[in-house]
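The values are calculated or read from the model by the stated rules, or taken from the named source; none is laboratory data. The shown structure was predicted, so the numbers you read here are calculated from the model rather than taken from an experiment. Every residue, glycine as well, gets a Cβ built from its backbone with ideal geometry; the counts of neighbours run over all protein chains shown.
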Amino acid sequence: MALLLGPMGVYIWPRVGYLLFELKPKNEPGTSRQMNSISPVRTKLSRAIVIGGAIAGTLDKISGFVSFGLRSPQGIAAGLLGRSAAFQGGARTWILGMLLHFFIAFTVAAIYCLASRRLAFLADHWIVCGLFYGIAVFLVMNLVVLPLSALHLTGPYQLGGLLQGLLGHMVMVGLPISFSLHKFAR
């Protein structure tokens, strides 16, 4: 996916028909000349993505610190670098892990919010949809992302950890994202 600047605005490629920002002439008060500026067509959607991703990422990271300790961001970086490189990297891999964590949180929020453009019920029924979205995020992370990462984590899973992860993602990831869409994208 790439962003393209076209004659009428900024588009997502390959879906060129999806307009992110529209270029419109803008009259400044007290001046007669017109200037091209970008007026945000999707400002509300962007606000929902940023706020939902930031809240979900923060709550999930706090949960990670409580469950796995202050070195948990290095565990996230280990998914990219491998276990030994991540835990020997010190502050750099800790920062990389935090950046990766929030990249994932904002991506998850963007997926939900962009899907709501076609599926209006995601904003209308935000509580139920948010809870189920949290389950979906947990399952994709544990059944797809982690097995494909450098850690190669697969089951068997302990029932307590599974329930904690499911409930945590339902409440701390799915609900903040769906609520931010419901609140800010209307």
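Here are the numbers for the structure shown:
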quantity: The range 142-179, residues that are part of a loop (DSSP other than H, G, I, E, B) and either of a type in the set (Asp, Glu) or surrounded by fewer than 17 Cβ atoms within 10 Å (Cβ to Cβ) (or both); calculated: Ser149, Ala150, His152, Leu153, Thr154, Gly155, Pro156, Tyr157, Gln158
quantity: Subset of the range 17-50 (residues that are at pLDDT 90 or above and aliphatic (A, V, I, L, M)); calculated: Leu45, Ala48, Ile49, Val50
quantity: Restricting the range 117-132 to residues that are in contact with a Leu (Cβ under 8 Å, 6 or more places away or on another chain) and in a helix (DSSP H, G or I), the residue that is surrounded by the most Cβ atoms within 10 Å (Cβ to Cβ); calculated: Gly130
quantity: Residue in the range 149-156 that is among the hydrophobic types (A, V, I, L, M, F, W, C) and in contact with a Pro (Cβ under 7 Å, 6 or more places away or on another chain) present; calculated: yes
quantity: Failed condition for Ala54, given (1) in contact (Cβ under 8 Å) with a residue 24 or more places away in the chain; (2) crowded, with 17+ Cβ neighbours inside 10 Å; calculated: (2)
quantity: Hey, Ala86 crowded, with 16+ Cβ neighbours inside 10 Å and touching a residue at least 40 places away in the same chain (Cβ under 8 Å) or not; calculated: no
quantity: Residue among Phe102, Phe87 that alone is at pLDDT 95 or above and out of contact with any Asp or Glu (no Cβ under 6 Å at 6 or more places or on another chain); calculated: Phe102
quantity: Residue check, Leu139 surrounded by fewer than 18 Cβ atoms within 10 Å (Cβ to Cβ) and in the same structural domain as Thr58 (by TED's automatic domain parsing); calculated: yes
quantity: Single unsatisfied condition, Gly53 versus (1) at pLDDT 95 or above; (2) out of contact with any Phe, Trp or Tyr (no Cβ under 8 Å at 6 or more places or on another chain); calculated: (2)
